[in-house]
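Below: one structure, written as structure tokens.
The values are calculated or read from the model by the stated rules, or taken from the named source; none is laboratory data. Everything numeric in this text was worked out from a predicted model, so none of it was measured. Here the Cβ positions follow ideal geometry from the backbone for every residue, glycine too, while neighbour counts run over all protein chains shown. Note: accessible area is taken over every heavy atom of the protein model, side chains too, but ligands, DNA and RNA are not part of it. Shrake-Rupley method; radii C 1.70, N 1.55, O 1.52, S 1.80 Å.
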Amino acid sequence: MFSLGHLAESWPLQMVLDQQLHSILIKDAVWRSSAMIPAYVATASGFFLLIHLILLSRPVQMSWARNVPWTNDQLSAGPPADGHNVCGECLYNEVKTGESQCDGPVNTGYKFARFVGCLALFGLSVTTFMLEEQEEVSDNRPVLTCTKWHQLALCVTMTYASLLGFMTVISRSRWSKLMANHLATLLLAVFGVFVYRDLYPLVTFTKEPKDIREGWLLWLKVTILAVTSVVIPIVSPRQYVPFDPAAPSDAPHPEQTASWLSTLLYAWEDPIVSLACKMPHLSHEQLPPLADQDCSENLVKKSFPHLDPFSGSKKRHIFFGLMKIYRTEYVILAAMIVIYAFASVASPIGINYLLLYLETDGEGAVVRPWVWIAWLFLGPMVGSLAIQWYINIAMRTLVRTEGIITQLVFNHSLRVRMKAELPEGDDMSDESVTLSSPDRNSFVECDTLSEGFAGITDDMLKRRSASIAPLGKTKPKPKSSADNLVGKINNLVTTDLNNITEGRDFMFIIIHIPLQVALCIWFLYGILEWAAIVGLFVMVLLFPIPGYVAQKIQTVQLTKMDKTDSRVQTVTETMNVLRMIKLFGWENKMDKKITEKREDELIWIWKQKILELINNNLNYVIPLCTMLASYTTYTLIMGQNLSASKVFSSMSIFDILREQLHAVFYHIPKVIQAKVSLDRVNSFLVETELLDSHTKTENDEEPLFAQEDEGSDKIGFRNAVFAWSNESNGSLTPSKRKFRLRIEDEVLFQRGRINLIVGATGSGKTSMLMALLGEMHFIPLNATSWFGLPRKGGVAYAAQETWVQNETIRDNILFGAPYNEARYNKVIYQCALERDLTLFEAGDRTEVGEKGLTLSGGQKARITLARAIYSSAKTLLLDDILAALDVHTSKWIVDKCLAGDLVKDRTVILVTHNVAMASAIAHFVVCLGLSGRVISQGSISETIAMDYEFAAEEQEQVEDEVESIHTEEESKPEIKEDAKLVVAEEILEGHVSWHAFKLYLAGLGGQYPSLFWVVFLGLMVLSQLVTSVQTWFLGYWASQYEIHPSSEVNVPYYLIVYGLLLLFATYAYSVGYTLYYYGSMRASRTIHRRLVQSVLSTTLRWLDTTPTSRVITRCTQDIRAIDGPFAQGIGMVVEVSLSMLVKLGAVVVMTPVFFIPGIAIGMFGGFIGRIYMKAQLSVKREMSNAKAPVLGHFGAAIAGLTSIRAYGAEETFKRESLVRIDRYTKSARMFFNLNRWVSVRIDAMGALFSSGLAAYLVYGHAGTQASNIGFSLNMAVGFSSMILWWVRVLNEVEVNGKVLERIDSYINIEQEPKPTEGGQPPAYWPASGDLRVEKLCARYSSDGPKVLQDLSFHIASGERVGIVGRTGSGQSSLTLSLLRCIFTDGNVYYDGIPTSSLNLEALRSNVTIIPQIPELLTGTLRQNLDPFDQHDDATLNDALRSAGLSAVQDESDESRLTLDSAISSGGGNLSVGQRQIIALARAMVRGSKLLILDEATSAIDYKTDSAIQSSLRNGLQDVTQIIIAHRLQTIIDADKIMVLDAGKLAEFGSPRELLRDEKGIFRALVDESGDKDLLHTLATG
């Protein structure tokens, strides 16, 4: 009884203890359950939100403001959208104004939908809790079970979520965004918990959802959660965040506001693609606006502080600056390639587990097969999205970097001192010389320092020069460069910039390839065990072989590039001097020279192609050998059985390893090349010599040229030495003399007056202007040294070699200044441009073309002068503006312009040879000698008294005639709005024409095109078939282990058969591609030959209307595309197309039902590809059209650098550069985005095809062997992956095919008459220079007006005939008609034979013409005189002496110009006068019986000109000479004088006869000349 009673008494206590223990266990289970995670996230969210509100409360804000100035960045949330100060505002105030501040209706709708979803989840949670309550009451279970705790926590969480959802709807955008972030995080956490608890178990055979008893309520919750936590956030448009909140964009780029889903799938591009399909061409204006993050102005603000030494960047390599700018982008890139690496092995893993499931009939499987089927879709899709996002970020960075570096180099170029440098390989390649760009035409050849500088040695000057260093860096090292500086700068923004952007994928080498290889090894080890290590060992063992081949490819590539550079240089120089070549009849010789260069290049192109074929075969064979080694080890040594799951999954992994092997050899050279180019850009920014105005001394002192106060308003020099370089080794001229411009004592130009700088050819007149402008390096000699050119009132500069922009005439004159009609018209009048403007249909709205090629030399000179006169500058520097003008126009310029009201009270410093004409208006003269020193200075009379020998100069006073030029009433044509004398380059729309494509196909097939294509296609089909059979054979081998015991499987037999199949496929592929490469070489050779011959044989009229740059582009860049990308693209199209057909055929053979889906996928892929290409071609054209103006502006600015700096127009040109970069960026960003658009869609289509096939094979085609399923899947995956490749290759061929159209259009240009057998003259011809002309008429076009009218005259052999007449009277037209360069009527007899019956080469090679602006080639002086090595040195030296070279240099000086002296491109290191002397010597070397001089000595001083004319008279007595000259003294002693007027022969006879006619034109010219008596004496004596 006691025991029972005791037990009865203790029983309630036990129950209490049990209940307490149970309660403790329940509570512990509740808090540790995954179902409580949403409550924890909600609690954390509420806590952080409360902290945020406290920080924004009025007391905290006031306290913060008292201690630390408040900034937006110090708050966790950004500033409000309306810019109001939020200090002290409470959440209530935010809510009150929420309705007026909310986002657009779309975003509001999504927010409201999410709020409704939250309310629905709250309702479902409460319902679940109530149902659980009822069930527990009915079952008498404890009041608060674990489930009820979980449901209660979920109810509380959804209550909080609903409150957040409500706040997102009613709050203004700043608070709405904050609440939305908290809500999205919370809902995503809740959804993640449901996925873990209830969705994940569904993919397994062994688990069940934990909340399954909720029934349909559970799946309704999951659906709503999926919509609210995933769907709505990724489909809601993003809020536009401007780069600069103070200046938001009026029209944001669609990508900036697109939803995350639209961004990932690039759906925001759909409207653009749709629009492109509806119209023939998508214009630039129809593209989306430029995002403000891509705006070049914003990019400059962001990047320059890290890159530009003048914007505060650190002293570090530019690479680290770029990494600083793009640090965020590269973190994202790293994350994307990691995801891509893991996603790449998704398909092999899916195939492995799927085939393993089929092999074992599901025995022991944990994951359901549909998961692996979905894996085959999701894995590639995730990988595609990751890699496309990587490429999107990389391409965005690429385009931005292009703009940044272009602008960076452009800005820095505006600070660089320009120097011409000698061609590579010359003995003087380490020394720089003065540059004669369009803004420079003279250099000084100085003797050693004079006695007047006693005690000042060159060593001292070197030390002073070397003591100046560019801003932000230490003393520059002496630098030797063989490149022309202008060419180097242009290369930086073309070739080097391209190399830099191509090296953007360096992270593939650092991250992706090692990670991918590691994942592959891990996977292979998991299925093949240590046999995978054997395979890896074999791969490492064979790795040196492709490495050796890659090294040979690099060696061949370098040699090929040298050969290509040699050809390009020859072609470029040929095209630049094509007019001279045609006038000299050198077309065939230059064609032969170019052909030799081309053949040398093709030999190395062939070697490169063969090595690349070997490399491709190695990249194909080595992974297969690795795979065979692994299988052999696994079966023969380890004794294991192969299976379909192991074979086909490992096969995919070996393919990935092969791709990594190929990637290594692809990316490493790109990265190395990018590093070299980055080093070049960095060297340019850090080491390039800058103008003195951008330098400082080593001790950070003020610039040495800073003026003293007393000289601040003065223009001149004192005790100054100037050089073209601040290098301690000095700057040398081609004659190896140290170049110094020395100013003894003081030279002060008179302000408000006209000052002259005169001197002999090469004395440094232009250099003195350059020194004033700060273009030369200033070396002070003592403490009083200075030079000054005040910029306060503005400076204008007119170069002798005129610089004009490719704009209208008006824009060139205004040069950015405001348009003042009265002033503008006065400038036009005073600069003698009125009559010229009437010749153009559009008047001053006519575009002048590239380098002003549509204008004559005189017109360009006057436009350049007009620019200076129109400007408001108080100081005008004019460099020999009269040299290109005839005497009438020169007189007009002097009297009307320089002596006119627009120049009054302005300081003019004029360089001129025309001393007599300019002396009438000059107040001060500085005279320079050949030593580079000032000989005399002062007034005209003072200078003459100081022993300056003024050359005798005609001082024509042809007031009436000059006046008549501009005052005669002419009927002006109707002025059009605009006119382009340069023919616009035709932009062909649509696809490549069959005519152009046939041009290449005909070259490919040669004489037997059908045989070529049958053999080539047959071999390629055979190769692809055998490759597919290889894959099937591996599966067949694996299936034998299912049928036979492993001991009965003859492994060596299968290895041998597989090896034979491998060798046969490789052999067929190699032979096929060798045949194709041979055909492509034949096509390249044929197209290049036809193009060059067509251009060389075209007419001068066509050359006048076609910019030289276009011709050069056709012969260089477009030919390069034919040799490389286009030829490779055609081969790839054939290979990929056949491979796709074979793989699709294999799938259909194994699974016939998939024939229709396969065709549908192919057709859909083709459809996507076509609409993509429709948009892409339009955008590509716009991008190309936008790129050219960027480079054109860059090149034009570099060419006119001195003028730009003189006018102080640097900022204007910087802004224009930014505008053009923006235009390019806009189209380039769209171009790359379209690639992402098509890639994602085709990848998704391919993945869907593979996974659909897998689903059918598993669920709808029972009984199929696993090996056949694996083979089908392998073929399907291969087919799917090739669709995108096929579309991209087709697009590349289409784009590069435009090159064919452009080349084809140049092959079919107008041609001069071809040579015939009957046009060959007799061997003795010409025996004399007798010239007879009968009724000669000429016109520049077949239907144009006559420029010569019925000229008839006879010139006996050996006579010297001078031709005079005003500008436009037909002198130059006569010379062109004699050479049949223009359309002519009438008869011209040369030594008794009509020239119309002669071949053009025979005629022109026996006539020599010297143009006013001579054209020289890069190389030595010998190569310029005798380009084809036909004469000995004695003949060449005699010609140089006869041409007057001895008159401008000391023959006893060992540093004189010799035959071995180097000539830079275009003769840039020589003055114009020196170039004319060399051109004259070249003409003498030819030994023609007829010599035509067209203003050939206009830039030579009078003394030298007299010596040259004497040499022509005495040394060429048996040569007929026709001389066009503005100087009457040049032709006054000629045998006959021809006077032309308006294309008609006005007078013709000896000077004595013409002077007898008192009413004659020639008599009037002589009588009105200032040296009338001298001219009469010379004519009659």
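Overview of results
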{"item": "Peptides ranked, highest mean first, by Cβ atoms within 10 Å: ranges 399-405, 644-650, 768-774, 555-561", "result": "644-650, 768-774, 399-405, 555-561"}
{"item": "Per-residue ³J(HN,Hα) for the stretch 594-600, Karplus 6.51 cos²θ - 1.76 cosθ + 1.60, θ = phi - 60°, Hz, x for Gly and Pro", "result": "5, 4, 4, 5, 5, 5, 4"}
{"item": "Accessible area expressed per residue, the stretch 542-689, with surrounding protein chains retained (probe 1.4 Å, Å²)", "result": "40"}
{"item": "Calculated FRET efficiency for the pair TYR548/PHE1167, C-beta based, R₀ 45 Å, to 0.05", "result": "0.50"}
{"item": "Label-to-label distance, nm, for residues given as GLN750 and ILE521 (7 Å Cα→Cβ offset)", "result": "8.7"}
{"item": "Full-extension gain in nm, VAL1057 to PHE48, via 0.36 nm per residue minus C-alpha separation", "result": "356.3 nm"}
{"item": "Additional length obtainable on full extension of the chain from SER34 to LEU264, 0.36 nm per residue less Cα span", "result": "79.7 nm"}
{"item": "Prolate/oblate/rounded call for the stretch 231-297, Cα gyration tensor, a/c under 1.5 rounded", "result": "oblate"}
{"item": "Ranked packing of 921-927, 1167-1173, most packed first, by mean Cβ within 10 Å", "result": "921-927, 1167-1173"}
{"item": "Modelled label reach - SER1047, point 7 Å along Cα→Cβ, the stretch 622-659 residues with backbone N closer than 19 Å", "result": "635-642"}
{"item": "Computed E for SER941/GLN1517 - FRET, C-beta separation, R0 25 angstrom, nearest 0.05", "result": "0.05"}
{"item": "Of all accessible heavy-atom area on the stretch 1202-1263, the percent that carbon and sulfur account for (1.4 Å)", "result": "57"}
{"item": "ARG213-THR595 pseudo-label distance in nm [points 7 Å out on the Cα-to-Cβ vector]", "result": "9.6"}
{"item": "Too-long pairs where the Cα-Cα distance tops 25 Å, listed order kept, from LYS860/LYS1298; LYS324/LYS488; LYS792/LYS1214; LYS177/LYS324; LYS765/LYS874; LYS826/LYS1572", "result": "LYS860/LYS1298; LYS324/LYS488; LYS177/LYS324; LYS826/LYS1572"}
{"item": "The stretch 1214-1340 shape via C-alpha gyration tensor axes, a/c threshold 1.5", "result": "oblate"}
{"item": "Those residues of the stretch 217-245 whose amide nitrogen sits under 11 Å from the label point placed on LEU188, 7 Å along Cα→Cβ", "result": "229-230, 233-234"}
{"item": "Estimated FRET transfer efficiency when R0 is 41 angstrom, pair ARG1556-ASP905 (beta carbons, to 0.05)", "result": "0.30"}
{"item": "20 Å Cα-Cα threshold exceeded, pairs from LYS560/LYS609; LYS582/LYS1346; LYS582/LYS1314", "result": "LYS582/LYS1346"}
{"item": "Apportionment of accessible area to carbon and sulfur, the stretch 826-898, percent (1.4 Å)", "result": "46"}
{"item": "Solvent-accessible area of VAL1015 with every protein chain in place, 1.4 Å probe, in Å² to the nearest 10", "result": "60"}
{"item": "Quarter of the Cα convex hull surface for the stretch 1048-1157, i.e. its orientation-mean projected area (nm²)", "result": "12.0"}
{"item": "Simple label model, 7 Å out from Cα along Cβ direction - GLU807 to TYR240, nm", "result": "3.1"}
{"item": "Gain on full stretching of the segment that runs from LYS792 to ALA1160 - 0.36 nm per residue minus C-alpha separation", "result": "125.1 nm"}
